Amino acid sequence: MNKILYVNDYLQGGGTEIFTKQLAKAFLEMGFETFIATRDRNEYQIHAFEGLWFFLFRRTIFQNYDPLATRSFKRIVGKIKPNLIHALNLYHISLSPVMVANKLAIPCLLTICDYWPVCLNRGLLSPALAEGKICLDRSWKRCAGECKHRKVGSFISPFVKRGMKHRIEILNDLMDKECVKMVATSKAVADVLGSFGLNRSMIDVIIPGVDPTVFKPGPTTRDKISLFVGRSDPLKGPHIFSKVAEIVKTRIPDARFIVVGSSLPNKHIESIGKVDFDTLLKYYQTASCLCIPSIWPEPLGAIALEAMSCCTPVVAHRLGGLVETVVDGETGFLVEPGNLDDLADKISFLLLNSEERLRMGCKGRRRVKEKFDIKDTFKSYLEMYKRISGF
């Protein structure tokens, strides 16, 4: 029986972690043996250097190598003896699993779910953290010295530049030798990787879909609810959602703004916190729109597909992978980052126009079923597995 070893640096409930589990479960049901190795405490735990300085040194001075992760991952591989290694997130582990796979001549697939290979903080924002202003400094000169997320002093900038450039060289060399196949979760991610020097022509794109039989529509009548789903990370734009709520409430007093998954200190917002899946589905099915005001270029924005599959239009910033999933004016609206009035206008429109909201919702679900069904995602990965491993 063919064995697939999935690698993810942690499994704490984020989009990449959920997708890793979905892949492992799907291919287990197809007859493969599947295993997941992570930094979490489990049977297949990957040990890695912890702490800010270890993190930076490993990515820079140590040339992306973590001997602790390498040693523990070799033990895992020796125990499982996989026919294929599929890594989806190595942000905290380094490139060690990919390098181990190469050394042991095990076919390896690397799915890039965000910008960690080319950005120390994976967010790809400018040092000022301007709303939606993308960092265009492809030379990494300012990464360590000025980045608001990880400011450690400009003296280490030359090491950052050397380490990041070396990472690109390592990955390009492995792709050229066909030791590793790279997949991005959106064209936006693939294009960013290419702009930093990775061989774009060798990066395939497979968008993680959703299951339309699980994320299904509810009643056609909706409450005047604008929904925000996710953690209260500044990258996700919760502060923008708060400002927009204040604007819309002056126009539509009975409008409701609900946050699921986190908490926002705003009198106009109902914070629900973490919920189970059935509760989340209920909010998708009863809201008039999902708002995604992220200030970073969302690599994909899986929640957009979840909402669209539930016939809920999406209002989002015109950034990253959201441009590939949301069709402006058809399945929702895309607005320019920083334009609060336009964001408020689009949300207000959907709250007040039920017929248009229903039309957009139906088109969104149709788009998910035609282009983003997770069954098609699994088929694409099965073809990829066969191509690189001979299953």
Under a cut-off of 24 Å between alpha-carbon atoms, report the lysines in cross-link reach of residue 3, not counting same-chain residues fewer than 8 places apart.
21, 25, 74, 79, 81, 103, 177, 181, 375, 379, 386
Using only alpha carbon pairs under 8 Å that are at least six residues apart, calculate the relative contact order of the stretch 322-391 and give it in whole percent.
27
If you place +1 on the Cβ of every Lys and Arg and -1 on the Cβ of every Asp and Glu, how big does the dipole about the Cα centre of the chain come out, in debye to the nearest 20?
860
Positive end of the dipole of the chain, charges at C-beta (+1 Lys, Arg; -1 Asp, Glu), about the Cα centre: which of 302, 253, 192 has its Cα farthest in that direction?
192
Relative to a virtual label point 7 Å from the Cα of residue 252 in the Cα→beta-carbon direction, which members of the stretch 349-389 show backbone nitrogen distances below 16 Å?
349-361
Treat every Asp and Glu Cβ in the stretch 171-218 as -1 and every Lys and Arg Cβ as +1, leave all other atoms uncharged, and give the resulting dipole magnitude about the Cα centre to the nearest 20 debye.
160
In whole percent, how big is the carbon plus sulfur part of the accessible area of the chain, probe 1.4 Å, protein atoms only?
53
Options 333, 30, 46, ranked by Cα towards positive dipole end of the chain, top entry (Cβ charges)
46
Between helix 238-251 and the chain, what is the angle of the helix's C-alpha long axis to the longest principal axis, kept within 0 to 90° and rounded to the nearest 10?
10
Over the chain, give the accessible area per residue in Å² for a 1.4 Å probe, as an integer.
42
Here FRET efficiency (C-beta to C-beta, residue 3 to residue 168, R₀ 41 Å, nearest 0.05) is 0.85
If I model a spin label at residue 387 and residue 65 as a point 7 Å from the Cα along the Cα→Cβ vector, what separation in nanometres do I get?
3.1
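The values are calculated or read from the model by the stated rules, or taken from the named source; none is laboratory data. Not measured: the values here are computed from a predicted model. A quick note on method: Cβ atoms are made from the backbone with ideal geometry, for glycine too, and the neighbour counts reach across all protein chains shown. The protein model used for the area step is the full one, side chains on, heavy atoms only, and it has no ligands, DNA or RNA in it. Shrake-Rupley method; radii C 1.70, N 1.55, O 1.52, S 1.80 Å.
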